[in-house]
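Below you'll find the structure, written out as structure tokens, and then a few comments.
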Amino acid sequence: MSGGLLEVEALSVAYQRGPGPAVEALRGVSLSAQTGEVVGIVGESGSGKSTLAAALIGLMAPAAQVTGGSIRLRGMDLADLSADQMRALRGREIAMVFQDPMTSFNPVIPLGQQLVDYQHNLQGPSRAQKRQRAVAMLARVGISDAVACMGRFPHELSGGMRQRAAVAAALLMTPSVLVADEPTTALDVTMEAQVLHLLRELRRDYHGAIIVVTHHLGVIGELCDRVYVMYAGQVVEQALVDDIYHAPRHPYTAALIACDPGSLARLTPVLPTIPGRPPDLAPPPKGCAFAPRCGLAMDLCRTTPPPRVQVSPTQSALCHRVQG
Amino acid sequence: MSFVAELTEAEPSPPRGPSALRALLADPMGLFGLIVVAGFLAMALLAPWVAPYDPVKIDVMHKFLPPTLAHWAGTDQLGRDTLSRIIWGARTALSIALLATGMAGVVGLLLGMVAGFGPRWLDGVLVLLFDSLSSLPMILFALAVITVIGPGTGTLILVVVLISIPGYARLIRAQTLALKGADYILAERAMGASAARIILAHLMPNVVGPLVIVVSMDIPVVIMLEAGLSYLNLGVRPPTPSWGNILYDGYTSLRSSPTIVIAAGVPLVLSTLGFTFLGEGLRDALDPTLQVRVRR
Amino acid sequence: MSALFALQGVSVDLPLASGLAALLPGGGPRLNLLEDISLEIGSSEIVGLVGESGSGKTTLARAMLGLTPISGGTMQFQGKAVGPRGSFTALRRHAAMAFQDPVASLSPRMRVGALLTEPYAIHAIPKAERRSAADLLAEVGLSAQLASRYPGELSGGQARRVCVARALALQPALMVADEPTAGLDVSVQGEVLNLMTGLRASLGLSLLIISHNLAMLRHVSDRIAILYLGRMVEQGPTAAVFAAPLHPYTRSLIASEPQPDPRRRRADLAIRGEIPSVLQRPKGCVFHTRCPIAADFCATTKPEMRQLAPGRLVRCHLAQLT
């Protein structure tokens, strides 16, 4: 799929941690996002999903190096941009909502002022108009007393309200791509439901792409159109959300879904697990990264990197055992 | 962002302890401080063997000698070898400073832990005590005590101990209060550990770190205090050599021999710098948040 | 049949005054964290405790272990009173707690081996009955070489298992686990849970699992208790509560859980409004501000806990068995 809004092509990122081989956090990751769709990136610890989120907004750690591939926004390669150009891009084109609503805002500046500051990229509106936009956006994200909220400090709001304010802040910049990194992980169940509902509603009016990065399969199920499943720095499967859940082709995807207590149909007092641990990525394993933990692994899996098999126009899996 | 947590999830971090020492040695200021302090400690310990002459031996025939091969720093108004007096002065300075701060540190540690961990009424009483003690200006308090008890090494140590305890105790108390609600302290209580066990085995190792740093930063202050009081003839009694005494002697005989003042001033400056650098180096080396920078 | 642990009408207040005001009769202003909590945990029973922020679930766990004093009500462990009117010694010997942050609950400057055998030293267990650190580690599936490490050198999963191993050292009758799956990947959550629930079969251990993860508790617990803003709103056998929740909050909670199956995606919100702060607890029924079926008197009258069926308790004016 070319000509998309956001195209990540064979992106590889490595961290140099002291002497010895670098940690290859991302290995040839490709994904795309079109205007109007919600893309989910699901993975567990060590999958590289957070590195990917950081790479998208260009805020990776100083020790991280892009060792291959590209990120293109509307065809423009982000690596070609200077630091100033990247900074201009951030906010205007790509905005991010972080996991921890407490640290998303400056604790000593009132919320309203921060929301106005977030709009600094916009040339047209005056300061008063920016305030009005901020109030309208706060109301839009479901904060009841938006005007009063403008004068409050972040710590005076509850976690759910702060996260909604963070979504408002991101949207005020009218980005083309909104990246949400674990947007509901720090929230209570009922607050999580509200923020998910908000994101679901927003996509109706929002003219851009939303990328949700999470480890929570429930968030994926409730929100996303297409899903990329990550393991050990690679995309092991991508598909429409319905196929991911009802017809997963990669053994890891199937095992992951089977472990989620929310998807177990019958009562299972002994919960399923995937035995073992993700592999060390410094250096990464030669064959399939999931082979040591895979119930279907053959000798070939351990020695040769698996091919990406296109199962259907919308689904592909990185596995030797999958037939196209 | 959680990508750092992602990276370190599978692999535990390397052990601490030895790396703190390595970090200290890697820091040039800390290394300088360590060398200087080690040097003075050696001087103080080995004074009887290192000093060329007996520091109190009077030889009026050879008074006010300039620096010669026989007397590297010359002699003072009573013909005593200045270098030997300086070397023995190190013993005086360090023994007083280490003894005083050590005692104050131990008492401050215990009182601070008790105040922080014990019942609130006890905390209230102790804090009142600390506030009262620390509201007294240091020099005036010292002079007052000296007037009552009389000058001397013992008085000096007592004054330093009394003045230092509140600061140390408050530091330890703050650390204890912060750690009191820590999960691992709760876990120990949940297991039935006694207050004594919690304080000694679990609190102390975790609160003592900043205290060590503060104490080592205080040592040069005490050295200066001792020198100052000795200079005013209110500290160490002559003929015991003290850098302060020597400085005073040098000041009164400035026209006859300028070297004495310099000879007394140099170790004062060097020891102060050395201990201060060591203290700062220790602080940086023991600070886990700074370790990331050092380890690169 | 007496319960292993019984709470009756327990309440916990947090004193707010300090200094001289604390000397006032009654202790000055207090913040109520829990009120009228009654719960029984039987032998070899797994009870789930559910609540969101401000529910008081962690406070309850700490009160049960004597880490927070209770201000009212009674607690009994193995038939004997604990709390202000009794000592916690027996409880500390026979009940253990696994804290939410496993690395933080291990003393940072003690090695794992020393931490594991510390319970024996605390309770002066005779040498013959002590097990070695290596044995304890093996019981939770960890290698013996972890004994020489410091807690800061363990991964989250390893630390969690070390905490369980330490809790097991004294062969407790009851283990309280505070958010045992928090921060754990879904694919390894089962390891720690299966380890703990398996102890019910091997040791007859009772478990109190505190979690906001309803889906997990549904599979793992025998009975479930739901807290909201410091009040117990529903209690009952897990299967029955999930099949037919009686309290509107329980219903909202179950309906709010994000579903991984996209075909069962929610169209609408199950619950509106924010969780009120404990500093401004609603009067009357604490849930009435967000309740879909609240009546006028719900705002003024506090509901009592009612037993609608054997074992099924609910605190609501309007709840009925369907």
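The values are calculated or read from the model by the stated rules, or taken from the named source; none is laboratory data. Since the model is a prediction, treat every value here as computed from it, not as a measurement. Counting neighbours? That spans all protein chains shown, and the Cβs are built from the backbone with ideal geometry, glycine included.
Applying the set (1) out of contact with any Leu (no Cβ under 6 Å at 6 or more places or on another chain); (2) at pLDDT 90 or above; (3) more than 9 Å from every other protein chain (Cβ to nearest Cβ) to C:Leu116 leaves exactly one unmet item: (1). Only a single criterion out of (1) at pLDDT 90 or above; (2) surrounded by 17 or more Cβ atoms within 10 Å (Cβ to Cβ); (3) within 27 Å of C:Arg149 (Cβ to Cβ) is not satisfied by C:Arg92, namely (1). In the condition set (1) of a type outside the set (D, E, K, R); (2) surrounded by fewer than 19 Cβ atoms within 10 Å (Cβ to Cβ); (3) at the interface with chain A (Cβ under 7 Å from one of its Cβ atoms), C:Pro262 is compliant with all but (2). Would you say C:Ala225 is in contact (Cβ under 8 Å) with a residue 40 or more places away in the chain, surrounded by fewer than 22 Cβ atoms within 10 Å (Cβ to Cβ), under 25 Å from the mean Cα position of the chain (by Cα) and away from every other protein chain (no Cβ under 12 Å)? So C:Ala225 fails the test. Within region A:210-226, the only residue that satisfies the criterion of being surrounded by fewer than 24 Cβ atoms within 10 Å (Cβ to Cβ) and small (Gly, Ala, Ser) is A:Gly218. Of the residues making up region A:289-310, those that are of a type in the set (A, V, I, L, M) and either in contact with a helix residue (DSSP H, G or I) (Cβ under 8 Å, 6 or more places away or on another chain) or over 14 Å from A:Val235 (Cβ atoms) (or both) are A:Ala291, A:Leu296, A:Ala297, A:Met298, A:Leu300.
For every residue, the table says whether it meets (1) crowded, with 19+ Cβ neighbours inside 10 Å; (2) under 26 Å from C:Arg166 (Cα atoms); (3) of a type outside the set (Val, Ile, Thr); (4) touching a Leu at 6+ places or on another chain (Cβ under 8 Å).
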{"site": "B:Ile185", "(1), (2), (3), (4)": "yes, yes, no, yes"}
{"site": "B:Ala193", "(1), (2), (3), (4)": "yes, yes, yes, no"}
{"site": "B:Leu200", "(1), (2), (3), (4)": "no, yes, yes, no"}
{"site": "B:Pro210", "(1), (2), (3), (4)": "no, no, yes, yes"}
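Scoring A:Val42 on the criteria (1) touching a Gly at 6+ places or on another chain (Cβ under 7 Å); (2) within 14 Å of chain C (Cβ to nearest Cβ); (3) among the β-branched types (Val, Ile, Thr) leaves a single failure, condition (1). Among the residues of region C:48-72, those that are within 14 Å of chain A (Cβ to nearest Cβ) and among the charged types (D, E, K, R) comprise C:Glu52, C:Lys57. If the condition is being part of a loop (DSSP other than H, G, I, E, B) and in contact (Cβ under 8 Å) with a residue 24 or more places away in the chain, then region A:14-32 contributes A:Gln16, A:Arg17, A:Gly20, A:Pro21, A:Ala22.
For region C:129-146, does any single residue satisfy the condition of being basic (Lys, Arg) and either under 27 Å from C:Ser44 (Cβ atoms) or more than 11 Å from every other protein chain (Cβ to nearest Cβ) (or both)? Yes, the conditions are met somewhere in region C:129-146. The residues of region C:68-96 that are free of Cβ contacts under 8 Å to residues at least 60 places away in the same chain, among the β-branched types (Val, Ile, Thr) and in a loop (DSSP other than H, G, I, E, B) amount to a single one, C:Thr68.
The residues in region A:165-195 that are away from chain C (no Cβ under 14 Å) and assigned to a loop (DSSP other than H, G, I, E, B) can be counted, and the count is 4.
The conditions of being at the interface with another protein chain (Cβ under 7 Å from one of its Cβ atoms), closer than 30 Å to B:Val160 by Cβ and within 28 Å of the chain's Cα centre (by Cα) are not met by B:Pro210.
Of all residues in region C:187-198, those that are under 14 Å from C:Cys163 (Cβ atoms) and more than 7 Å from chain A (Cβ to nearest Cβ) have Cβ atoms under 8 Å from Cβ atoms of residues that are at pLDDT below 85 and part of a helix (DSSP H, G or I), 6 or more apart or on another chain, in C:Val192/C:Gly157.
Residues in region A:246-274 that are farther than 23 Å from A:Gln310 by Cα and either of a type outside the set (Gly, Ala, Ser) or within 7 Å of chain C (Cβ to nearest Cβ) (or both): 15 in all. So which of A:Leu271, A:Leu217, A:Leu264, A:Leu256 is under 14 Å from the mean Cα position of the chain (by Cα), of a type in the set (A, V, I, L, M) and under 25 Å from C:His212 (Cβ atoms)? So the residue among A:Leu271, A:Leu217, A:Leu264, A:Leu256 that is under 14 Å from the mean Cα position of the chain (by Cα), of a type in the set (A, V, I, L, M) and under 25 Å from C:His212 (Cβ atoms) is A:Leu217. If you go through region C:171-186 and keep only what is away from chain A (no Cβ under 11 Å) and either touching a Gly at 6+ places or on another chain (Cβ under 9 Å) or closer than 13 Å to C:Glu139 by Cβ (or both), you end up with C:Gln171, C:Ala173.
When the helices (runs of 4 or more DSSP H) confined to region A:33-136 are screened for residues that are surrounded by fewer than 20 Cβ atoms within 10 Å (Cβ to Cβ) and of a type outside the set (D, E, K, R), those reaching at least 1 such residues are found at A:83-92, A:101-104, A:111-118.
For B:Pro220, the test of being part of a helix (DSSP H, G or I), facing chain C (nearest Cβ under 8 Å), closer than 27 Å to B:Glu280 by Cα and at pLDDT 85 or above is failed. Within region B:223-248, if we keep just the residues that are at pLDDT 85 or above and in contact with an Asp or Glu (Cβ under 7 Å, 6 or more places away or on another chain), the residue that is surrounded by the fewest Cβ atoms within 10 Å (Cβ to Cβ) turns out to be B:Gly244. The residue pairs whose first member lies in region B:64-80 and is under 13 Å from B:Tyr53 (Cα atoms) and aliphatic (A, V, I, L, M), whose second member is surrounded by 22 or more Cβ atoms within 10 Å (Cβ to Cβ) and at pLDDT 85 or above, and whose beta carbons are closer than 7 Å, counting only pairs six or more residues apart or on different chains, are B:Ala73/B:Thr82; B:Ala73/B:Ile86; B:Ala73/B:Ala263. When we screen C:Ala243, C:Ala215, C:Ala239 for residues that are farther than 22 Å from C:Thr289 by Cβ, out of contact with any Ser or Thr (no Cβ under 9 Å at 6 or more places or on another chain) and within 9 Å of chain A (Cβ to nearest Cβ), the only hit is C:Ala239. Residue check: is C:Ser38 within 14 Å of chain A (Cβ to nearest Cβ), surrounded by fewer than 17 Cβ atoms within 10 Å (Cβ to Cβ) and modelled with pLDDT of 90 or more? Here the answer is no, as C:Ser38 does not meet what is asked. Inspection of region B:122-138 finds a residue satisfying the criterion of being of a type in the set (A, V, I, L, M, F, W, C), over 21 Å from the mean Cα position of the chain (by Cα), buried (at least 19 other Cβ atoms within 10 Å of the Cβ) and modelled with pLDDT of 90 or more.
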